[in-house]
Amino acid sequence: MNLLMMAISFAFILSMILSHVALFLTKKKMMNREKSSPFECGFDPKNSSRIPFSMRFFLITVIFLVFDVEIVLLLPYLLSSNCSSDGFSLINSILVIFILTVGTLYEWSEGSLHWTVS
C-alpha cells in the first residue's frame, strides 16, 4: 500500500514538474481574435452558417472517406494474409479493390476529381 502511494505521488509530482517546465519554455504567443477562434473549413464561425458550400469540397471529402474505409476493410486482410491461404478472403479483397477502382474511374469521368484554379 505504501509503495503504491509513493508511485502515485511520484507520477503526480513528475507530471506537475514537466507541465510547469513546458509552460516556462514555450514561446509567448500573441493571442488575437483570429488565432483564438476555431478553424471551420475556411469559414468564419462567428458569421452566418447559411452561406453557400463548395460542392467540390464535399465530393473530395466523400472520396477521401471512401478510401479511408477501404483501408479499414483491407488492412486486416493484409495483416493476416501470411497466416492463412483462404481463397475466399482473397476474392473479397480483390472485389473491394475492383469496386473502388470502378467508382474512382466513374468519379473521374464525371469531373469530380478534376482540379480547377478559381
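Just so you know, all these numbers are worked out from the coordinates, no wet-lab data involved. Keep in mind it's a predicted model, so treat the numbers as computed, not measured. Positions of Cβ are generated from backbone atoms using ideal geometry, with glycine treated the same way; all protein chains shown enter the neighbour counts.
How far apart, in nm, are two points set 7 Å out from the Cα along the Cα-to-Cβ line at Thr101 and at Phe24?
The answer from the label model is 6.0 nm.
Order 6-12, 67-73 from most to least packed using the mean count of other Cβ atoms within 10 Å.
67-73, 6-12
Net charge around Val102, counting only other residues with Cβ within less than 14 Å of its Cβ (Lys, Arg = +1; Asp, Glu = -1)?
Value of the local net charge: -3.
On full extension of the chain, what length is gained from Val72 through Ile94, given 0.36 nm per residue of separation minus the C-alpha to C-alpha distance?
Full-extension gain reported as 6.5 nm.
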